[in-house]
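Asker: Can you keep this structure in mind? I'll have questions shortly.
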Amino acid sequence: MLKLPQSSTDRKHFVIVGALVFVATIALGFFLLAILPVKAQYSVQAEPIRWLFQLHVWLIAFLFALVVVFMLYALIVFRKRKDDDSEGEHFEGNTTLEVVWTVIPLILVIIFSFIGFQTLRDATRGGDEVQVEAVGFQWAWTFNYPNGVVSQEMVLPVNKPALISLRATDVIHSFWVVEWGPKQDLVPGMTTRMHITPTKVGEFKVRCAELCGLSHWSMVATVRVVPEEEYIAWMNQKLVEQNIQTASR
Amino acid sequence: MQLTSLGLVRGIIGYFVGLVVGMAVVMISRLALGMSAWDQEAGWVGGIIFATIGFMLAVGSMTDWLKWTRGVETPFHHGPPVGKPAWTRYFSVDYNHKVIGIQYGVTGFLLLLIGGSFALVFRAELADSGISFLQPGTYNTFLSMHAWVALASILLGVGGMANYLVPLMIGAEDMAFPRLNAFAYWINVPAIITLMISMLFGWDSGWTAYPPLSLRGPVGYQMVFWAIFSIGLSSILGSLNLIVTMLTMRPKGMTLFRMPIFCWAILATSIIQLTATQLIGLAFLMLSFERTLGMPFFNPLYNALGENIGGQPLLFQHLFWFYSHPAVYVFVLPGLGIISELLPVFARKPLFGYRWIALSSLAIALVGFLVWGHHMFTSGYGEYLRVVFMISTLLVAVPTGVKFFSWLGTLWGGRLTFPTPMLFTLGAISVFLIGGLSGPILATAATDLFLHDSYFVVGHFHATIFGGFVFPFFAAIYYWYPKITGRMYNEMLGKIHFWLMTPGFWVMSLAQMTAGTMGMRRRIADYDPALGVEPVHMLITIAGFVIAFSILLMIYNLFTSAEVGALAGNNPWRSRSPEWQIPSPVPEHSYAQPIAVVGEPYDYGLAGSTYVAMAGAGDD
Ligand code: HEM
Ligand SMILES: [Cu+2]
Ligand SMILES: [Cu+2]
């Protein structure tokens, strides 16, 4: 059995706790990454989000381990023994320590503000090679393309930067395709925008993410990301179906 | 004894009389103006206002004030009402802060049970996908009611702890304004009745009541607006009273930095409540006016040219969160104060860094005023605001960290024992840690664009609220139970309660976060099984029921122990705090003579030191 020192300020305690915190951080980090599978992965804008999320997870793992390991260690090592009626050690605080654990978090805040700023920029910027307007209303979506095509599903070409304009006609809604990452509210009286560059072909769902009344849960529309040729073909077919003469527009 | 001798019964009668009178007044005015008599929006608003006044008059909370206007003197009556059983004072207006504290606490606890049951109802619905027994409209009402009932329960629970403990801890006879104290408690009761009536009509916006949705739904909204307005009034008056009490009624020798640390937490809380609550009161009244009178504050309206001559929906969100973010610190600061209060007692050690903990409460309260916009990252407000609010929000982590580390310093080198209150204190730390650490990930705006309005947020705030309020509240109940009743609770049952509730809660909040990252939206009546979240939801529901069951054990414990528990004596925890130096239960006049402070509050382990000198009153 390891013989633990009597004094609570003995170095040995901190060496043991330090080692335990290290092990716990690694274990916890992987555990958290496993139970927090960020499903945002199929757009250019999702990348920085996933990256920052995982950075946070490691910081969380460390801080959680730090507090919990210290706490559990104290609970076990400094528990009152059966025949011991003495009081705890008498110290009322330590200004150096308090300053340290004020300043280090402050530095972390500054670092994370900076990283957060850059990530935000990367997660919200993009081009407008494709433009589409999404209109949300209780409890469905329609999608208008600049050439006049109106559709019940949203079709976008893969790997092309798209600018989505968002408009609500009644109450606030929110445009969220989980796999793409960011969401953006639709607010009556104003037009909001978001940039998305989808990177994976497939069928997804846009789901309203802001409670908008009775059937909010079912305010869902299909989103298809297709190769560019397929997109052009779809668009041409829509034009024909809807009798829109490209020339007259 | 007649039923109507209970203030509560008279109040309820007054409520319904007022309701009818109010509706009649509105109808007559409308007829006089040449309109149709009945308009449900106007009718109900008039009804609720008169009903609230009717209740407050009939319950007797304004009787003394009305007498003063006529120059009649109203000396205090101490003790149970003459000629009636002692328990009746809890159902009538009573000016003793200990009675009012219990009234607050018990009402808060009841609301916690009601709000919790609403959650169980919709958790059962969400256990698997597909709509089974709750139709979406009912689902939305239950969800929204759950939130406001639970929030009201927290505000009342906080009021209970503050009213009972603060005067005792500073050795004061009572609060500064006992009548105002009673008024501030009783105004919650008609508000709760009104809130319950809203269920008959339904409402479906969640607690945030964002317009335009909240301008369109059923008339139940009006009841919510006015109920919350009254509860807000209670917060304002109650916090005013607490601030004055703490600043002016401390005993000789108790400088601010010698107050029990819980008082610092309540001071910070009260500053927030006194200054921020107006904003939500205003915001909800504006919604009511817009619904009733068509004043265009929030809903855009267009003229023939397509210009907006109406309102702006985002304005509401600013007003709402300017209160509701600081409010989350109202929910947790008192609980963090309880943690700081209990740790030294069970570690037999001084509170580590008393001044830092005290000032960190103030710092959290102040920074808390600058961060409201983190609830609006996706709202469409100016893009640069996202950066501003990201930085201010991250700053909150600094004073919060100070608390955690100081708690560790308090435990380190102690002689720790683990009765139920200590277990709940430690549980609170672990749970609040989960909540706190999931905060910054929502604060960096980019990640929030993904996580906002998802179950991740649900996991975050339940962890902060349980860690910052529910666990410490339970710790406080177990801890002061012997002081209130004179008897010990059942330790075995207390421990079972803890060991069911704590792991249950860990599982629940982590699973909620998992669901969020998998794409589960919050506030939906049914979800798409294709997301793969069904097993996670089953887990959340099971954990929720385990927590609920454990709370039933607590209630059973508290009820039975009041009869059969072992006699507690004055000071079963060997605390230095003044309230433990007097008999349990606390006598009508808590302190026979004024006390004096002669030492530091938490000098455990310093031989020969005491905190208070009790003139006259010895150890019995
Ligand atoms: C380290 C401190 C904290 C940080 C950085 C933080 C950050 C945030 C952020 C950014 C959000 C918005 C998430 C979203 O809606 O997308 C949020 C939501 C929330 N937080 Fe915190 N938080 C912290 C502590 C707390 C505490 C102490 C409470 C107390 C109860 C709390 C209660 C809430 C609630 C109730 C919501 C959700 C409100 C709603 O949308 O209904 N948070 N938090
Ligand atoms: Cu919607
Ligand atoms: Cu907030």
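Asker: Quick one: would you say B:Gly159 is within 14 Å of chain A (Cβ to nearest Cβ) and either small (Gly, Ala, Ser) or in a loop (DSSP other than H, G, I, E, B) (or both)? Reasoning before the result, please.
Answerer: Values: within 14 Å of chain A (Cβ to nearest Cβ): no; either small (Gly, Ala, Ser) or in a loop (DSSP other than H, G, I, E, B) (or both): yes.
For B:Gly159, the condition - within 14 Å of chain A (Cβ to nearest Cβ) and either small (Gly, Ala, Ser) or in a loop (DSSP other than H, G, I, E, B) (or both) - is not met.
Residue-by-condition table, conditions (1) modelled with pLDDT under 95; (2) of a type outside the set (D, E, K, R); (3) in contact with a helix residue (DSSP H, G or I) (Cβ under 8 Å, 6 or more places away or on another chain); (4) farther than 24 Å from A:Asn147 by Cα:
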residue	(1), (2), (3), (4)
A:Ile172	no, yes, yes, yes
A:Leu211	no, yes, yes, yes
A:Arg224	no, no, no, no
A:Gln245	yes, yes, no, no
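Asker: Which residue out of B:Ile465, B:Ile441, B:Ile429 is within 11 Å of ligand 1 (Cβ to nearest atom), closer than 27 Å to B:Met501 by Cβ and facing chain A (nearest Cβ under 8 Å)? Even if it seems obvious, please write down each step before you answer.
Answerer: Details: B:Ile465 fails: facing chain A (nearest Cβ under 8 Å); B:Ile429 fails: within 11 Å of ligand 1 (Cβ to nearest atom).
Result of the check over B:Ile465, B:Ile441, B:Ile429: B:Ile441.
Asker: Still on this model: State which residue is farthest from B:Val20 (Cα to Cα) when the search covers only the stretch B:51-97 and only residues that are of a type in the set (Ser, Thr, Tyr) and assigned to a loop (DSSP other than H, G, I, E, B). Outline the logic, then answer.
Answerer: Keep residues of the stretch B:51-97 that are of a type in the set (Ser, Thr, Tyr), which gives B:52, B:61, B:63, B:69, B:74, B:88, B:90, B:92, B:95.
From what is left, the residues that are assigned to a loop (DSSP other than H, G, I, E, B) are B:61, B:74, B:92, B:95.
Details: B:Ser61: 21, B:Thr74: 32, B:Ser92: 24, B:Tyr95: 30 Å.
In this case the residue turns out to be B:Thr74.
Asker: Something else: Can you tell me which residue is farthest from the other protein chains (Cβ to nearest Cβ) among those in the stretch A:69-103 that are exposed (fewer than 15 other Cβ atoms within 10 Å of the Cβ) and part of a helix (DSSP H, G or I)?
Answerer: Across the stretch A:69-103, the extreme among qualifying residues is A:Thr96.
Asker: Can A:Thr169 be described as away from ligand 3 (no atom under 16 Å from the Cβ), within 14 Å of chain B (Cβ to nearest Cβ), surrounded by fewer than 16 Cβ atoms within 10 Å (Cβ to Cβ) and of a type outside the set (A, V, I, L, M, F, W, C)?
Answerer: On the way: away from ligand 3 (no atom under 16 Å from the Cβ): yes; within 14 Å of chain B (Cβ to nearest Cβ): yes; surrounded by fewer than 16 Cβ atoms within 10 Å (Cβ to Cβ): yes; of a type outside the set (A, V, I, L, M, F, W, C): yes.
Against the criterion (away from ligand 3 (no atom under 16 Å from the Cβ), within 14 Å of chain B (Cβ to nearest Cβ), surrounded by fewer than 16 Cβ atoms within 10 Å (Cβ to Cβ) and of a type outside the set (A, V, I, L, M, F, W, C)), A:Thr169 qualifies.
The rows are residues; the columns are (1) out of contact with any Lys or Arg (no Cβ under 6 Å at 6 or more places or on another chain); (2) within 16 Å of ligand 3 (Cβ to nearest atom); (3) facing another protein chain (nearest Cβ under 10 Å).
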{"site": "B:Val371", "(1), (2), (3)": "yes, yes, no"}
{"site": "B:His375", "(1), (2), (3)": "yes, yes, no"}
{"site": "B:Val387", "(1), (2), (3)": "yes, no, yes"}
{"site": "B:Val396", "(1), (2), (3)": "yes, yes, yes"}
{"site": "B:Phe404", "(1), (2), (3)": "yes, no, yes"}
{"site": "B:Leu411", "(1), (2), (3)": "yes, no, yes"}
{"site": "B:Leu416", "(1), (2), (3)": "no, no, yes"}
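Asker: Checking the structure you have, find out if any residue of the stretch A:151-162 is within 14 Å of chain B (Cβ to nearest Cβ) and within 16 Å of ligand 2 (Cβ to nearest atom). So that I can check it myself, show each step before the final result.
Answerer: The first filter runs over the stretch A:151-162 and keeps only residues within 14 Å of chain B (Cβ to nearest Cβ), leaving none.
Within the stretch A:151-162, not a single residue is within 14 Å of chain B (Cβ to nearest Cβ) and within 16 Å of ligand 2 (Cβ to nearest atom).
Asker: Given (1) without any contact (Cβ under 8 Å) to a residue 24 or more places away in the chain; (2) not in a loop (DSSP other than H, G, I, E, B); (3) not polar (S, T, N, Q), identify the lone condition not met by A:Arg167.
Answerer: It fails just one condition, (1).
Asker: While we're looking at this one, here's another question. From (1) away from ligand 2 (no atom under 16 Å from the Cβ); (2) over 18 Å from the mean Cα position of the chain (by Cα); (3) buried (at least 17 other Cβ atoms within 10 Å of the Cβ); (4) among the aliphatic types (A, V, I, L, M), pick out the condition that doesn't hold for A:Ile196.
Answerer: (2)
Asker: Take the stretch B:280-326 and flag every residue that is farther than 24 Å from A:Cys212 by Cβ and either away from chain A (no Cβ under 14 Å) or part of a helix (DSSP H, G or I) (or both).
Answerer: B:Gly281, B:Leu282, B:Leu293, B:Ala304, B:Leu305, B:Pro326
Asker: Continuing with this model, one more query. Tell me, which residue of the stretch B:597-609 that is modelled with pLDDT of 90 or more and of a type in the set (Ser, Thr, Tyr) is nearest to B:Arg250 (Cα to Cα)? Let's see the steps before the verdict.
Answerer: Quick first cut of the stretch B:597-609, residues modelled with pLDDT of 90 or more only: B:597-604.
Remaining after also requiring of a type in the set (Ser, Thr, Tyr): B:602, B:604.
Details: B:Tyr602: 17, B:Tyr604: 22 Å.
In this case the residue turns out to be B:Tyr602.
Asker: Counting only residues that are β-branched (Val, Ile, Thr), in a helix (DSSP H, G or I) and touching a residue at least 40 places away in the same chain (Cβ under 8 Å), how many does the stretch B:433-449 have? Lay out the reasoning, then the answer.
Answerer: To start, the set of residues in the stretch B:433-449 that are β-branched (Val, Ile, Thr) comprises B:434, B:441, B:444, B:447.
Checking the rest, the ones that are also in a helix (DSSP H, G or I) come to B:434, B:441, B:447.
If we keep only those that are touching a residue at least 40 places away in the same chain (Cβ under 8 Å) as well, we get B:434.
Looking only at that region, the number is 1.
Asker: Mind telling me which of the residues B:Ser270, B:Ser340, B:Ser361 ends up being polar (S, T, N, Q), within 16 Å of ligand 1 (Cβ to nearest atom) and more than 14 Å from every other protein chain (Cβ to nearest Cβ)? Please lay out each step first, then the result.
Answerer: On the way: B:Ser270 fails: within 16 Å of ligand 1 (Cβ to nearest atom); B:Ser340 fails: more than 14 Å from every other protein chain (Cβ to nearest Cβ).
The unique qualifying residue is B:Ser361.
The values are calculated or read from the model by the stated rules, or taken from the named source; none is laboratory data. Quantities reported herein were computed from a predicted structural model and do not represent experimental measurements. Using ideal geometry, Cβ is built from the backbone for each residue, glycine included, and neighbour counts are taken over all protein chains shown.
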